[in-house]
1. With the requirement that a residue be within 19 Å of residue 59 (Cβ to Cβ) and surrounded by fewer than 14 Cβ atoms within 10 Å (Cβ to Cβ), what does the stretch 256-274 give you?
2. Considering only the stretch 26-42, state which residues are part of a helix (DSSP H, G or I) and either within 29 Å of residue 80 (Cα to Cα) or in contact with a strand residue (DSSP E or B) (Cβ under 6 Å, 6 or more places away or on another chain) (or both).
3. If I ask for residues that are crowded, with 18+ Cβ neighbours inside 10 Å and more than 20 Å from the chain's Cα centre (by Cα), which ones from the stretch 92-148 would you list?
4. Mind checking whether some residue in the stretch 104-112 is more than 20 Å from residue 166 (Cβ to Cβ), part of a helix (DSSP H, G or I), in contact with a helix residue (DSSP H, G or I) (Cβ under 8 Å, 6 or more places away or on another chain) and at pLDDT 85 or above?
5. Give the residue that is farthest from the chain's Cα centre (by Cα), with candidates limited to residues of the stretch 183-219 that are at pLDDT 95 or above and under 18 Å from residue 131 (Cβ atoms).
6. Closer than 24 Å to residue 15 by Cα and buried (at least 17 other Cβ atoms within 10 Å of the Cβ): which single residue out of 245, 253, 233 fits that description?
7. Hand me the list of helices (runs of 4 or more DSSP H) wholly inside the stretch 136-205 holding 2 or more residues that are closer than 28 Å to residue 60 by Cβ and touching a residue at least 60 places away in the same chain (Cβ under 8 Å).
8. Does residue 133 meet the test of being within 30 Å of residue 69 (Cβ to Cβ), in a helix (DSSP H, G or I) and in the same structural domain as residue 42 (by TED's automatic domain parsing)?
């Protein structure tokens, strides 16, 4: 085996990896020269891919660079149920139309990381909608209620007296059958997907197939440094966001997250001889360049320095549309951040919200906006109201 391939294999198995099941088996398969079928499923529950999703996509690209077949499954069927992983309550079910709308740009966004032309793409409605009730009943026989309820999310909800929908119990089995349908050799996912992916091994075994190996990557915290990166929380960095917005958001992360972001979101290691500010500047420029090119990344860096080092207002800001009627400060912040009201209230209580450089602290204040005002949240986020 070439030394370069050996280095790539070790990087696949170790860099930014939480666990491999079964490590010895997967390592042997990678060294054997066999072309593996590497599965990753993503439910289109929102229209945008953010940096949290790219952790797995980057690992997929490593397998792809070694010559393996990437199989991307768009969970248009399972998205209607909703993955219970990490949830403290039952998800709101999505309509077919909502799912189709969300997935419209998924492949285009994913193509920023993986080679989509060399990727096998499926929608899991291809098999789940055709199989019918008899197939579902057969699938339900592959696991017991006790085994499904062992997942940590369900145990916590049972202890708290929170409802668990019967549909949620089926979710890991349906995801597991995806591995049967595409004959997966390996499945990749975040650590929150461990239960679902292990269920895939169980379902494959029930269908007399070889069990897939499972490789998990760490969950990446969002801009708050505490919660998992999520659009619903508002602590995310979207791949389609403007370069200056992406750069500014990355500069806002806690210093403690910088090494983890380097490991999981770039091919660089965190520099040992840089201070926190310099390290973060390199991180922000590196990530922005990955998705917008080096020229745009440099421009975003220069804009950041101009605005935040020299205390000036950005030349370009995202536009926040307002219809002209009165609006509460709380609703305005929710609209800008696309987060929850509790998160918006927290920002206001932390004295992080300004309009035209005037601090705003009353969540109930009714605002009469005429357009042209500048909303500032924190030190690095600006919107122009139109």
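The values are calculated or read from the model by the stated rules, or taken from the named source; none is laboratory data. Because the structure is a prediction, the values reported are computed rather than measured. Positions of Cβ are backbone-derived with ideal geometry, glycine not excepted, and every protein chain shown enters the neighbour counts.
1. If the condition is that a residue be within 19 Å of residue 59 (Cβ to Cβ) and surrounded by fewer than 14 Cβ atoms within 10 Å (Cβ to Cβ), then 267, 268, 269 are the ones that fit.
2. Of everything in the stretch 26-42, just one residue is part of a helix (DSSP H, G or I) and either within 29 Å of residue 80 (Cα to Cα) or in contact with a strand residue (DSSP E or B) (Cβ under 6 Å, 6 or more places away or on another chain) (or both), namely 26.
3. Answer for the stretch 92-148, where residues must be crowded, with 18+ Cβ neighbours inside 10 Å and more than 20 Å from the chain's Cα centre (by Cα): 128, 139, 142, 143, 148.
4. yes
5. 183
6. Result of the check over 245, 253, 233: 253.
7. 166-181
8. Working: within 30 Å of residue 69 (Cβ to Cβ): no; in a helix (DSSP H, G or I): yes; in the same structural domain as residue 42 (by TED's automatic domain parsing): yes.
Answer is no for this residue.
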